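This report concerns only the one structure given below.
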């Protein structure tokens, strides 16, 4: 089942509510296919980096939040895509929480606690650090695809905010060609960053 | 002028595009990629099922804890009826006990069996009535049911 291109699971007749009720969440959960569970496992693994969560916890938390109604699945969205999105969001919040714990002081040679220097234009040192790391990772991903012009152009277009048809039009490729390019990117990235990247 | 995108946004879009491509990938590709990461695709479904079971258990436990908290919060904040309110409640209770038509005939059946209530029973009944009125004022529809 392709969850990416279609809002697959949402083909219900005019629903009373725009979101799944908790008992419907349970039904969808129980009817996930083995293939979908494998997809979710791959996605979870990619989202662990930079968090203190071990494998399985992100998926567990996403399910818990769905069952408790803390995150609600719109009917128009595939349940698998919803879980993937929830894991992304949970890991992102976790990374932000951890980043806030980054010390802004250090102990100097004499054992005194001193403030780390922060430049005047760097009002938020954590944000500055995350932005610098992100820039390094984007550059690294681009470099990983050295020699594959199509993949590099795709990376540039995605990084430029293009999506869907606009993205394929810019690259002048059809969906199957795009899927094949993404597969190459995915593989290269998985080798370098098997657990995703930290920001 | 086009504002330069932040690297963090670029990376987020790349990450989302990769997730989306995983959701759209064929079953064979997904299994192959899991295997390349040293994960046995055949075992994944059972492992994910076990995680889902644990999540269901934790969610159930959390729901129960929330319900318990709600009950204790309700119990620890009994309606604080003023003396004036209490007098009004006492006359309502007496009307109910007298069994006058139209005065909540469906309530307090036991209280209308002729026996006098003890003072503590009466105080308890007043507390109950105060709680009931508080609930009705929170949900006006409830009093119609």
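The values are calculated or read from the model by the stated rules, or taken from the named source; none is laboratory data. Predicted model only: the values in this text are computed from it and were never measured. FYI the Cβ positions are ideal-geometry reconstructions off the backbone, even for glycines, and counts take in every protein chain you see.
Scanning the range B:16-35 for residues that are more than 7 Å from chain A (Cβ to nearest Cβ) and in a helix (DSSP H, G or I) yields a count of 4. Checked against (1) farther than 20 Å from residue B:43 by Cα; (2) modelled with pLDDT of 95 or more; (3) not in a helix (DSSP H, G or I), residue A:27 meets all criteria but (3). Here residue B:104 passes the criteria (1) exposed (fewer than 11 other Cβ atoms within 10 Å of the Cβ); (2) at pLDDT below 70 except the one numbered (1). If you go through the range A:168-183 and keep only what is touching a helix residue (DSSP H, G or I) at 6+ places or on another chain (Cβ under 6 Å) and facing another protein chain (nearest Cβ under 10 Å), you end up with A:178, A:181, A:182. Taken together, the criteria exclude residue B:60 from residues that are modelled with pLDDT of 85 or more and surrounded by fewer than 10 Cβ atoms within 10 Å (Cβ to Cβ).
Note on the range A:31-53: residues that are modelled with pLDDT of 90 or more and out of contact with any helix residue (DSSP H, G or I) (no Cβ under 8 Å at 6 or more places or on another chain) total 3.
Scanning the range A:145-185 for residues that are crowded, with 18+ Cβ neighbours inside 10 Å, touching a residue at least 40 places away in the same chain (Cβ under 8 Å) and assigned to a helix (DSSP H, G or I) yields one hit, A:185. Tell me yes or no: at least one residue of the range A:77-95 is more than 8 Å from chain B (Cβ to nearest Cβ), surrounded by fewer than 21 Cβ atoms within 10 Å (Cβ to Cβ), in contact with a strand residue (DSSP E or B) (Cβ under 6 Å, 6 or more places away or on another chain) and farther than 30 Å from residue A:129 by Cα. No, every residue in the range A:77-95 fails to be more than 8 Å from chain B (Cβ to nearest Cβ), surrounded by fewer than 21 Cβ atoms within 10 Å (Cβ to Cβ), in contact with a strand residue (DSSP E or B) (Cβ under 6 Å, 6 or more places away or on another chain) and farther than 30 Å from residue A:129 by Cα. Looking at B:55, B:50, just one residue is in a helix (DSSP H, G or I), under 36 Å from the mean Cα position of the chain (by Cα) and crowded, with 18+ Cβ neighbours inside 10 Å, and that residue is B:55. A residue that is more than 9 Å from every other protein chain (Cβ to nearest Cβ), on the phi > 0 side of the Ramachandran plot and under 13 Å from the mean Cα position of the chain (by Cα) occurs somewhere in the range A:34-54.
Against the criterion of being at the interface with chain A (Cβ under 7 Å from one of its Cβ atoms) and modelled with pLDDT of 80 or more, residue B:50 does not qualify.
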